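So the structure is just underneath, and the comments pick up after that.
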Amino acid sequence: MEKEKRPIIQKPRGTLDILPEDMPVWLKIENTAREVCRRYGFHEIRFPTFEATELFSRGVGDTSDVVQKEMYTFEDRDHRSFTLRPEGTACIVRSIIENGKCFDAMPLKLAYLINCFRYEKPQAGRTREFYQFGIEMFGAESASADALVLALAHTFISELGIRDIKLHINSIGCKKCRPAYYDKLREYFRAHKDELCDTCRERLEKNPLRILDSKSPICKDIAKDAPRSIDNLCEDCDNHQKELCAQLDKMGIPYEIDTNIVRGLDYYTRTVFEFIVPTIGAQSTVLGGGRYDGLVSELGGPELPGIGFATGITRLIEAMKQAGIETKDENDFPLIYLASMGKDAEMFASATAERLRRKNIRAESDICSRSLKAQMKYADKIGALYTVVIGDNELSSDKAVLKNMKSGDVREISLSAIDNELG
């Protein structure tokens, strides 16, 4: 009786398989991120994939969509609530507090490459498991710090080859000027209370700024005429914004003031920003961030200013595709294939390939007991630049023919000195 075929198990909805042929562009982004961070003095940090749920409810904010609707939260066997990280900033703040980094020399400059999790409707450029590059800087409250972070972001995106990019900035004030601004927002939105969605009605009293970031088309339309944060800044916030713009002008980084930017997380203060690539469609923001001067103290640490950004890697890839940027495989250096005939030749080819690898030469030999014809087909399929056929005659004479598969040129070489014959 034929055994019943079991169904194929598929990956969870909203997740990605990143296949070997996809990796060159991922490595290009990751390597560029690390290199740019090195130049700007940022050091990589790693932290747990899941954290105590309270970290995000306190840090990200319980009025944000992330906390209200999008977190993957579970209880462990001891009934403690944990959440798969939906973002990186709160995790880093927890880490620097717990590990005493708040008292290091300032500014403290940190960078990360992580996967995150949010329960959202999967669409182009947005998945439930997604990948981020981000930086966070602590201990500097000046507009110069904001300019440094924006310069790093601008350099990073530019060095990926993306040219059609726009920087949008805004200021959403601080704890001194925001209460009066919130009162104006509440007054405005109360006149439209019956038209707001349930989520925005709930936000009206808790955090009316979040209504400006609503995904509801009706609420978005109502918000168009709401009071603007930039018109309600205290003197310190206004001066901070003007100084930042002056610094960006000096650096030659183009920008525009966009009063619609408030960002989706509750911890932001003063400067918020987005880098936008209009050519990639609805999900056009490829990098976003801002200042969060009260977050460290909110999570139990000292008063310590902070600013940072995160960028989604899949959106960067889409922007690179739209720009026609081709990415060369980081491992794409010449490959030699050592074909063999007979057991002795097979063992010799295997040992020689290993010797070449130890000298940083990419080499392959047959490990599937293929015929010589099949081996040559395989060498062509994997893109070998050079091939050598080794049999009894070659073993006894220490001579073999090296063929350049691209040009067709052939020449006799010494097998014992093969590493000196390549190039």
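Given the rule -39500 (n - 2.57) for each run of at least 4 DSSP H residues, summed and divided by the residues of the chain, what is its mean residue ellipticity at 222 nm, to the nearest 500 deg cm²/dmol?
Value at 222 nm, helices only, nearest 500: -10000 deg cm²/dmol.
Calculated FRET efficiency, Ile367 and Asp258, Cβ-Cβ r, R0 45 Å, to nearest 0.05?
Values: r = 58 Å, r/R0 = 1.28.
FRET efficiency, Ile367 to Asp258: 0.20.
Cα axis of helix 235-251 to longest principal axis of the chain: angle in degrees, 0 to 90, nearest 10?
Tilt relative to the chain: about 30 degrees.
Which far-off residues, 5 or more places away or on another chain, put their amide H under 5 Å from the one on Ala400, with H placed in the peptide plane?
Sorted by chain and number, the residues that satisfy this are Ile413, Leu415.
Looking at this model, which pairs from Lys184/Lys250; Lys166/Lys250; Lys373/Lys403; Lys184/Lys242; Lys184/Lys220 are more than 25 angstrom apart at the alpha-carbon?
Checking Cα-Cα distances, Lys184/Lys250 exceed 25 Å.
Could you work out the relative contact order of the chain? I mean the mean sequence separation of Cα pairs under 8 Å and 6+ apart, divided by the number of residues, in percent.
16
Taking R0 as 51 Å, what's the FRET efficiency between Glu129 and Arg186 from their Cβ-Cβ distance, rounded to 0.05?
Computed FRET efficiency for Glu129 and Arg186 comes out at 0.85.
Under the rule of at least 5 residues apart or a separate chain, name every residue whose amide H is placed under 5 Å from the amide H of Arg270.
Amide H neighbours of Arg270: Ile172, Gly173, Cys174.
What are the radius of gyration and Dmax of the range 335-421, computed over its Cα atoms and given in Å?
11.6, 30
Relative contact order of the range 120-231: what whole-number percent is it, with Cα pairs under 8 angstrom and at least 6 residues apart?
21
Can you give the longest stretch of the chain with no exposed loop site, where a site means chymotrypsin sites (Phe, Trp or Tyr not before Pro) in a DSSP loop (not H, G, I, E or B) with at most 16 other C-beta atoms within 10 Å? Can you show the working numbers first?
Numbers: sites that count: Tyr72, Tyr119.
So the longest stretch without any such site is 120-423.
Is the range 139-203 best put as rounded, prolate or oblate by its Cα gyration tensor, with a ≥ b ≥ c the root eigenvalues, rounded for a/c under 1.5, and otherwise prolate when a/b is larger than b/c, oblate when not?
Verdict is oblate for the range 139-203.
Multiply the residue separation of Asp194 and Lys250 by 0.36 nm, subtract the distance between their alpha-carbon atoms, and state the gained length in nm to one decimal.
Gain on extension, Asp194 to Lys250, equals 15.4 nm.
In whole Hz, with x marking every Gly and Pro, tabulate ³J(HN,Hα) for the range 297-310 from phi via Karplus 6.51 cos²θ - 1.76 cosθ + 1.60, θ = phi - 60°.
5, 4, 9, x, x, x, 5, 8, x, x, 8, x, 8, 9
Using 0.36 nm per residue of separation minus the Cα-Cα distance, give me the extension gain between Thr49 and Arg80 in nm, one decimal.
Difference between extended and current length: 9.6 nm.
How fast does the range 153-265 diffuse by Stokes-Einstein, in µm²/s, taking the Kirkwood radius from C-alpha pairs at 25 °C and 0.890 mPa s?
Calculated translational D: 157 µm²/s.
From the phi angles alone, apply the Karplus equation (6.51, -1.76, 1.60; θ = phi - 60°) to the range 158-171 and give each ³J(HN,Hα) in whole Hz, x where the residue is Gly or Pro.
4, 6, 7, x, 7, 10, 7, 10, 10, 9, 10, 10, 8, 10
Using the Cα centre of the chain as origin and beta-carbon charges of +1 (Lys, Arg) and -1 (Asp, Glu), tell me which of Asn239, Leu356, Leu204 is placed farthest towards the positive end of the dipole.
Leu356
Rounded to a whole number, what is D in µm²/s for the chain from Stokes-Einstein with the Kirkwood radius over alpha-carbon pairs (37 °C, 0.692 mPa s)? Intermediate values should be presented prior to the final figure.
Numbers: Rh = 25.2 Å.
Stokes-Einstein gives a translational diffusion coefficient of 130 µm²/s.
From the phi angles alone, apply the Karplus equation (6.51, -1.76, 1.60; θ = phi - 60°) to the range 66-75 and give each ³J(HN,Hα) in whole Hz, x where the residue is Gly or Pro.
4, 6, 6, 10, 10, 7, 8, 10, 8, 9
Scan the chain and hand back the longest stretch that contains none of the GluC sites (Glu not before Pro) lying in DSSP loops with at most 12 other Cβ atoms within 10 Å.
In the chain, the maximal stretch lacking such sites is 5-302.
Taking H placed 1.01 Å from N in the peptide plane, check which residues at least 5 places from Cys116 or on another chain put their amide H under 5 Å from its amide H.
Phe130, Tyr131, Gln132
Quick one: His168, His154, His79, His43, fewest Cβ neighbours within 10 Å first, how do they rank? The partial results should precede the final answer.
Working: His168 18, His154 21, His79 6, His43 11.
Going from least to most buried by this count: His79, His43, His168, His154.
Once the other residues with Cβ under 14 Å from the Cβ of Met347 are scored (Lys, Arg +1; Asp, Glu -1), what is the net sum?
Counting the neighbours of Met347, the net charge comes to -4.
Label-point separation (nm) for Arg358 and Asp225, each offset 7 Å from Cα along Cα-to-Cβ?
Each label point lies 7 Å from its Cα, and together they span 7.9 nm.
Once you have the Cα-Cα distance between Gln322 and Tyr40, take 0.36 nm times their residue separation minus that, and quote the gain in nm to one decimal. Write down the numbers at each step before the final one.
On the way: separation 282, 0.36 × 282 = 101.52 nm, distance 2.82 nm.
In short, 98.7 nm is gained.
R0 = 30 Å: FRET efficiency of Met106 with Leu16, Cβ-based, nearest 0.05?
Efficiency for this residue pair is about 0.20.
Between Asn393, Asn99, Asn260, where does the largest GNM mean-square fluctuation fall for the chain, given springs only between Cα atoms within less than 10 Å?
Asn393
Enumerate the lysines that Lys69 could reach by cross-link, defined here as Cα to Cα under 18 Å, with residues fewer than 8 away along the same chain left out.
Lys121, Lys206, Lys215
What ranking do Lys121, Lys406 get, fewest neighbouring Cβ atoms within 10 angstrom at the top?
Lys121, Lys406
Read-outs throughout are calculated quantities, based only on the coordinates presented, and are distinct from any laboratory measurement. Source: prediction; values computed, not measured. Counting neighbours? That spans all protein chains shown, and the Cβs are built from the backbone with ideal geometry, glycine included.
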